[in-house]
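K.L.:
So that we are looking at the same thing, I have put the structure below in structure tokens.
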Amino acid sequence: GIEIAIQQLVLVYASTFESERDDASVTRLLYLVELDHDPTITLSWEHEAYHWLSAKELLALDIRDPYQEIFHYLKKVDVLV
């Protein structure tokens, strides 16, 4: 339910790697956008909960790659503050 104009998006992370399952590659793109309001969160059947975390809390999570790598990169380039 969040409407974003494409010109608002800022690319903050890009990574491409070869998939181990087939002869394809996977590209991950992460964009940043600022909102002027707190969005209403509606969970789908795929999720049980959500949490807003500070950068410090996010970096302390024990989560699988590539997420730890991405979050530490975003901290290094001052996207996570």
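K.L.:
Helix 67-76: angle to the longest alpha-carbon principal axis of the chain, degrees 0 to 90, nearest 10?
P.N.:
70
K.L.:
Based on the mean of other beta carbon atoms within 10 Å per residue, what is the order of 29-36, 9-16, most packed first?
P.N.:
Ranking the peptides 29-36, 9-16 by packing returns 9-16, 29-36.
K.L.:
While we're looking at this one, here's another question. Starting from the Kirkwood radius over alpha-carbon pairs of the chain, derive D by Stokes-Einstein at 20 °C in a medium of 1.002 mPa s and give it in µm² s⁻¹.
P.N.:
140
K.L.:
Let me ask you something else. Tell me, in nm to one decimal, what length is gained between residue 28 and residue 3 on full extension, where the rule is 0.36 nm per residue of separation less the Cα-Cα distance?
P.N.:
Contour length minus the Cα-Cα distance gives 6.9 nm.
K.L.:
Let me ask something else. At a Förster radius of 22 Å, what calculated FRET efficiency corresponds to the Cβ-Cβ distance of residue 67 and residue 20, to the nearest 0.05?
P.N.:
0.80
K.L.:
Also, quick follow-up: If amide H atoms are built 1.01 Å from N in the plane of the peptide, which residues on other chains or at least 5 residues away come under 5 Å of the amide H of residue 13?
P.N.:
30
K.L.:
Tally up the carbon and sulfur contribution to the accessible surface of the chain as a whole percent, 1.4 Å probe, everything protein left in place.
P.N.:
Taking all protein chains in place, the chain shows 51 percent carbon and sulfur surface.
K.L.:
So, one more: Just the accessible area per residue of the stretch 1-80, please: how many Å² with a 1.4 Å probe?
P.N.:
Result: 91 Å² per residue.
K.L.:
Sticking with this one: Pop out the ³J(HN,Hα) list for the stretch 45-61 in order, Karplus 6.51 cos²θ - 1.76 cosθ + 1.60 with θ = phi - 60°, rounded to Hz; leave Gly and Pro as x.
P.N.:
So the Karplus estimates, Gly and Pro as x, are 5, 7, 10, 9, 6, 9, 9, 8, 10, 6, 4, 4, 5, 5, 5, 7, 5 Hz.
K.L.:
Same structure again: Test of understanding: extend the Cα→C-beta vector of residue 36 to 7 Å, then name every residue of the stretch 8-29 with backbone N under 18 Å from that spot.
P.N.:
Residues passing the 18 Å test: 8-10.
The values are calculated or read from the model by the stated rules, or taken from the named source; none is laboratory data. All figures in this text were calculated on a predicted structure; none of them were measured in a lab. No Cβ is skipped: glycine too gets one built from the backbone with ideal geometry, and neighbour counts run over all protein chains shown. In case anyone asks, the SASA skips ligands and DNA or RNA and just uses the protein heavy atoms, side chains included. Shrake-Rupley method; radii C 1.70, N 1.55, O 1.52, S 1.80 Å.
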